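Below is one structure, written out as structure tokens; comments come after it.
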Amino acid sequence: VNIVITNRQNQEKAKQQAFEETLLEIEKAQNKIDANLLYNNEKKAKDLLEENRLKLNMIPEERISSREDVRKLIEKQEEQVEKIRRVIKLPIDKQIADFKVLNEQAGAQNLSLHEDIIYLGDSGQRSIYKIDLREDINTANNDLPEDASYLDYPTATEEGINFLSGDLIVSLKKQGRRETIESEAIELPKNDNIISMASFNNNLYLLGRKQIYRYNQASDGFGSPSEWLRSNEDLSRIVDIAIDGYIYILDIEGNIKRLLRGEEEDFSNESLYITMESANKIITSQDHDHIYVFEPRMNRLAVFDKEGAFIAQYVFLMENIEDLDVSEESKKIYILKENSVYEADLSHITD
């Protein structure tokens, strides 16, 4: 009996010693991570973080709750992950518009910024809302045509802001000092589902599940669709499109493909260390120096340069954000939540 007890004691002692050695290894690795981050060796830091993550995940919950030194190691791991993710925690507290003031039944959606004016559609109230950031004026245009049922995928051309409504393009156009809402029929592609829309050089591009379709602007509206993609691209997990001369398509995991003349170009957006699962919007244009990817479920906006290098990611201290857009000129993010628009600063852009 004494031998059995002694063997068990020795086994427990060996386990405890191995555990203490593991903790020491984690601590030493964390010191190396700090050094690698200091000298911008992110690849080595990421590798060490992953090794530590696996070791920390093996620690039983009872050890975590009973050992302060273990909890400190876990806290340090989280801090280092945030550093390598380049997290900017962003409070959202400046409200610039509340459309409930204009209409108690408002249901604003699909925020889009163009030339210092924010546009939002409201299918339920058959309205297009406008925030003039220069004049600090909020207005609503309620003259939606009878044949327009909803307002999706706002995108700007020289004539105004355009929404897709079934087989119609609904446009808010400026005519002198007045603005009018007009609609025109558009020939939708057969046997495909449209999931987003963008514009470039006043031409419209509709993103489908099978193809990207270009509509050239003509004197009497937009012409018939032409298939823009020449290569066989799998669009089954693609969620959005943006154009700056190149076409960028975004999938639900936050991966970006860059296309030119219908063919895929070499482009690799850098890993965020913790990947996305529900990205739904990509923002860029000729006026942007960066590419932005929005993941509303995680309240974050990732920023890349035009070659795909990861710059930063904003984590909003506000939940249930519905949509957003970015002005690099004014260094602002404009955010839609529950019929209100908020403003926050872009801090990654320096003069």
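The values are calculated or read from the model by the stated rules, or taken from the named source; none is laboratory data. As the structure is a computational prediction, the values presented were derived from the model and not from experiment. Counting neighbours? That spans all protein chains shown, and the Cβs are built from the backbone with ideal geometry, glycine included.
Here's the yes/no breakdown for (1) of a type outside the set (D, E); (2) within 25 Å of V315 (Cβ to Cβ); (3) loosely packed, with under 14 Cβ neighbours inside 10 Å:
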residue: Q16; (1), (2), (3): yes, no, yes
residue: E20; (1), (2), (3): no, no, yes
residue: K28; (1), (2), (3): yes, no, yes
residue: N31; (1), (2), (3): yes, no, yes
residue: L37; (1), (2), (3): yes, yes, no
residue: K55; (1), (2), (3): yes, no, no
residue: R71; (1), (2), (3): yes, yes, yes
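Counting only residues that are surrounded by 17 or more Cβ atoms within 10 Å (Cβ to Cβ) and within 13 Å of the chain's Cα centre (by Cα), which one in region 316-333 is nearest to R297 (Cα to Cα)? Top of the filtered list is I321. The set of residues from region 138-186 being surrounded by 16 or more Cβ atoms within 10 Å (Cβ to Cβ), acidic (D, E) and at pLDDT 90 or above comprises just one member, D152. If the condition is being farther than 17 Å from S112 by Cβ and either surrounded by fewer than 16 Cβ atoms within 10 Å (Cβ to Cβ) or among the small types (G, A, S) (or both), then region 190-202 contributes K190, N191, N193, N201.
Inspect all residues belonging to region 261-278 and state whether any of them is of a type in the set (D, E, K, R), at pLDDT 95 or above and within 16 Å of the chain's Cα centre (by Cα). Looking through region 261-278, none of the residues is of a type in the set (D, E, K, R), at pLDDT 95 or above and within 16 Å of the chain's Cα centre (by Cα).
Screening the candidates L164, L188 for the property of being within 27 Å of D244 (Cβ to Cβ), assigned to a loop (DSSP other than H, G, I, E, B) and in contact (Cβ under 8 Å) with a residue 24 or more places away in the chain yields one hit, L188. A search for C-beta distances below 8 Å between a residue of region 86-102 that is without any contact (Cβ under 8 Å) to a residue 60 or more places away in the chain and any residue that is among the hydrophobic types (A, V, I, L, M, F, W, C), counting only pairs 6+ apart in sequence or on different chains, returns L102/A140.
Of these, S278, S285, which one is surrounded by fewer than 15 Cβ atoms within 10 Å (Cβ to Cβ) and outside any strand (DSSP E or B)? Steps first, please.
Details: S285 fails: surrounded by fewer than 15 Cβ atoms within 10 Å (Cβ to Cβ).
Of S278, S285, the one residue that is surrounded by fewer than 15 Cβ atoms within 10 Å (Cβ to Cβ) and outside any strand (DSSP E or B) is S278.
Can you spot a residue in region 115-130 that is part of a loop (DSSP other than H, G, I, E, B), more than 26 Å from the chain's Cα centre (by Cα) and surrounded by fewer than 20 Cβ atoms within 10 Å (Cβ to Cβ)? Yes: region 115-130 contains one or more residues that are part of a loop (DSSP other than H, G, I, E, B), more than 26 Å from the chain's Cα centre (by Cα) and surrounded by fewer than 20 Cβ atoms within 10 Å (Cβ to Cβ). Taken over region 211-235, the criterion of being at pLDDT below 95 and within 24 Å of the chain's Cα centre (by Cα) is satisfied by E233, D234. Collect the residues in region 191-247 that are assigned to a strand (DSSP E or B) and polar (S, T, N, Q), keeping them in residue-number order. Within region 191-247, S196, S199, N203, Q217, S226 meet the criteria. Cβ-Cβ distances below 7 Å connect the following pairs, each with a first residue in region 196-208 that is touching a residue at least 40 places away in the same chain (Cβ under 8 Å), a second residue that is of a type in the set (D, E), and a separation of six or more residues or different chains: S196/D240; N202/E158.
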